[in-house]
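Take a look at the structure set out below.
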Amino acid sequence: MSPLSDKTLPPPNPIQSNQKSNRSSSDSVKKMAYVDHAFSISDDDDILMDSSSFTVHNRPPIREIALAVSLLVFGTLGIIFGVFMAVERVGGDTAHGIFFAILGSILFIPGFYYTRIAYYAYKGYKGFSFSNIPPV
């Protein structure tokens, strides 16, 4: 027999080798903080800001918000009057009331959606901006 056969090592335990590799890979991975690059200012941005001739206005879009609030109000009134008309059978049957309730729902949904975006943008919640409201 050769001298190497006397000193052969047993095969490595796969559980121990996986634990070692997991430790080394988790030690080498660094955790990074979340950075919102849409609002970050870097040295590259300074060059663009100095050479540009426009100013950024972060004013709330008054016409769009007024439209959203009016859709919300008229939609709510349409739903309320539609339900009332359907229950009291105004117009002779319930179809008129159901029509008004459906029309009110169609007005209410976008009105509520854009009014909510405007409110959260005004309050300064993260992820909400007046730029999310489309222009009229």
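The values are calculated or read from the model by the stated rules, or taken from the named source; none is laboratory data. Just so you know, these numbers come straight off a predicted model, no measurement behind them. Note that each Cβ is placed from the backbone with ideal geometry, even for glycine, and that neighbours are counted across all protein chains shown.
Go over the candidates Val136, Val90 one by one and state the one that is modelled with pLDDT under 95 and within 16 Å of Leu67 (Cβ to Cβ).
On the way: Val90 fails: within 16 Å of Leu67 (Cβ to Cβ).
Checking each option against the conditions leaves just Val136.
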Check: Which of the residues that make up the range 85-116 are in a helix (DSSP H, G or I), without any contact (Cβ under 8 Å) to a residue 24 or more places away in the chain and not aromatic (Phe, Trp, Tyr)?
Finding: Met85, Ala86, Val87, Glu88, Ala95, His96, Gly97, Ile98, Ala101, Ile102, Arg116
Notebook entry, point to check: Taking interchain pairs and intrachain pairs at least six residues apart, which have beta carbon atoms under 8 angstrom, with the first residue in the range 71-84 and over 16 Å from Arg116 (Cα atoms) and assigned to a helix (DSSP H, G or I) and the second at pLDDT 95 or above and β-branched (Val, Ile, Thr)?
Noted result: Gly82/Ile98; Gly82/Ile102
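Select, from Gly91, Gly78, Gly82, Gly97, the only residue that is on the phi > 0 side of the Ramachandran plot, more than 28 Å from the chain's Cα centre (by Cα) and not acidic (Asp, Glu). Step through it out loud before you land on a result.
Numbers: Gly78 fails: on the phi > 0 side of the Ramachandran plot; Gly82 fails: on the phi > 0 side of the Ramachandran plot; Gly97 fails: on the phi > 0 side of the Ramachandran plot.
After ruling out the rest, the residue left standing is Gly91.
Filter the range 117-136 down to the residues that are on the phi < 0 side of the Ramachandran plot and not in a helix (DSSP H, G or I), then identify the one that is surrounded by the most Cβ atoms within 10 Å (Cβ to Cβ).
Initially, the range 117-136 is screened for residues on the phi < 0 side of the Ramachandran plot, giving 117-123, 125-126, 128-136.
Restricting the remaining residues to those that are not in a helix (DSSP H, G or I) gives 125-126, 128-129, 133-136.
Details: Tyr125: 11, Lys126: 7, Phe128: 17, Ser129: 15, Ile133: 21, Pro134: 8, Pro135: 7, Val136: 9.
If we take residues in the range 117-136 being on the phi < 0 side of the Ramachandran plot and not in a helix (DSSP H, G or I), then Ile133 is surrounded by the most Cβ atoms within 10 Å (Cβ to Cβ).
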Check: What's the number of the condition Ile62 fails, among (1) at pLDDT 65 or above; (2) more than 24 Å from Ile133 (Cα to Cα)?
Finding: (2)
